[in-house]
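Before any comments, here is the structure.
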Amino acid sequence: IQERTAKALEKLGVPVEDATRRKLDGFIITLPTGEEMRVKAPMRSVYRGHGPVHSKNKKPGLDALILDTALKYPTVNYHQGKIVDVDLTSGKEALVYLEKGGPLKSDIFVGAFGHNEELVKKHIKVPVGQVLDSPKTQKSSVIEIDVGDEILNEHFGSYARVLVLPYDKSKKDSNVLFVALIPKDNGTLTMVFMGEGAVTMQETNKFISSEHIARVLPVELVNKIRSTSLVKDGGCRLCSCSRNTITVASPEHYLIAGIGGGILIGDAGLTRLYKDGVGAAVTTAEAAAKAIVANDFTHYKQVMERDFPYDDHIYADKFLRLNDAIIANPYLRTALLTGKVIPGISHLFIDPFMRHFLTGDIAYKNILPHKLSEMIFNLFGV
């Protein structure tokens, strides 16, 4: 999570330090040629859940920490159960039906249920003429491996690694397009794989076995990744997940305004594509809470549509293709690494641009002024 997200949570009373696994200064970006650049972006590595189950792991996951913080407030009631129906049609109160018990009644239903298209389509009733949408998603894969503190300290230190993959699709060994390697505590390393379409564990293993990873990462690290990840039945891999989903397009309709209505936040609502999902969730949740208390969603919608535009996937796709175009050009690639001035284009390669692009701290469509974005995209045919 970005440091600004940690500060926002701490301001709300969540002791983020209790869930922090490692404080990071930014990213080491490795290009397909093996060249590296560093981008400063203070952040922290955490687990959303508990993390690997072993005797050294005593810290809570971030989600559990947030829930425990909320439960300290005497006005909070906690009910654990499977939701089977939500009714937002009365105009007086929102009704939530559980598999066992209910209904639970509230002024507003806040849906923070992640990627759950079936719940939205089949089990949430909305007023006639209104609609709630689900985000568009695709599968990614995550593996957690034990590489040891010595390797982490030598090859990561206080940085996460990002691999920029070959721009030429004919040279790719799998459908993986993006890989992040995130160091944590107790010698553990989280590897996140995203791709063009769903990334299965088979595609993940194909990438780990590929020549590309051997070219761009230190031999010692590659050998450790392969020995812990490719052994049949997991070997000493701590855990893996190929059912993880990421948002590739936010829902256009995420709000039934007013008493008895509902609002979708976090991964269920407007978010940042590919990156900074926790930061987006904190920002949109706090803004939603203020709108609910004031029972005024006009300003909320304006801010959300500015900072988390539902059509941002169009710009995200263009930036990804622009990235390929830059990496494919030796002159532009050198400029990217050295900061060499190129008239009319050099501002693209300064640290703020790369930081925005990697962290997702602002909307893709807001990274560059609109007219400039249009000019650059047209120049590169994206």
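The values are calculated or read from the model by the stated rules, or taken from the named source; none is laboratory data. The model shown is predicted, which means the values in this text are computed figures rather than measured ones. Cβ: placed from backbone, ideal geometry, glycine included. Neighbour counts: every protein chain shown. Side chains are part of the model used for accessible areas, which takes the heavy atoms of the whole protein and leaves out ligands, DNA and RNA. Shrake-Rupley method; radii C 1.70, N 1.55, O 1.52, S 1.80 Å.
Below is a table of values for the structure above.
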{"read-out": "Orientation-averaged projected area, Cα convex hull of region 1-134 (nm²)", "value": "13.1"}
{"read-out": "Approximate spin-label separation D63-A328, in nm, with each point projected 7 Å along Cα-to-Cβ", "value": "3.9"}
{"read-out": "Geometric extent, Cα atoms of the chain - Rg, Dmax (angstrom)", "value": "21.9, 66"}
{"read-out": "Pairs from K56/K100; K301/K365; K72/K290; K121/K301; K92/K136; K58/K82 whose Cα-Cα separation, in the structure shown, is over 26 Å", "value": "K56/K100; K92/K136; K58/K82"}
{"read-out": "Expected 222 nm ellipticity per residue - DSSP helices of 4 or more, -39500 (n - 2.57), all of the chain, to 500", "value": "-10000 deg cm²/dmol"}
{"read-out": "Nearest-0.05 FRET efficiency for E286 and V219, computed from C-beta distance (R0 35 Å)", "value": "0.15"}
{"read-out": "Carbon plus sulfur fraction of accessible area for the chain, probe 1.4 Å, in percent", "value": "53"}
{"read-out": "Ordering of 188-198, 60-70, 123-133 by burial proxy (mean other Cβ atoms within 10 Å per residue, highest first)", "value": "188-198, 60-70, 123-133"}
{"read-out": "Accessible solvent surface per residue of the chain, calculated while the other protein chains remain in place, 1.4 angstrom probe, Å²", "value": "49"}
{"read-out": "Alpha carbon convex hull of region 222-320, volume per residue in cubic angstrom", "value": "140"}
{"read-out": "The chain, relative contact order [Cα under 8 Å, separation at least 6], %", "value": "17"}
{"read-out": "Per-bin percent of Cα-Cα distances, region 23-85 [5 Å]", "value": "4, 12, 12, 13, 15, 14, 11, 8, 5, 5, 2, 0"}
{"read-out": "Span-like helix ranges in the chain, DSSP H, alpha carbon extent 18 angstrom or more, Kyte mean at least 1.0", "value": "277-294"}
{"read-out": "Region 59-152 - Rg (one decimal) and Dmax (whole number), Cα, Å", "value": "18.3, 60"}
{"read-out": "Cβ-derived FRET efficiency at R0 30 Å, D25 paired with K301, nearest 0.05", "value": "0.25"}
{"read-out": "Efficiency of FRET between E36 and E150 - r from beta-carbon atoms, R0 22 angstrom, step 0.05", "value": "0.60"}
{"read-out": "Fully extended contour minus Cα-Cα distance, from K121 to L12, at 0.36 nm per residue", "value": "36.0 nm"}
{"read-out": "Beta bridge orientation in the chain: antiparallel %, DSSP, nearest 5", "value": "80"}
{"read-out": "Projected-area average for region 264-325 over all orientations - Cα convex hull basis, square nanometres", "value": "4.2"}
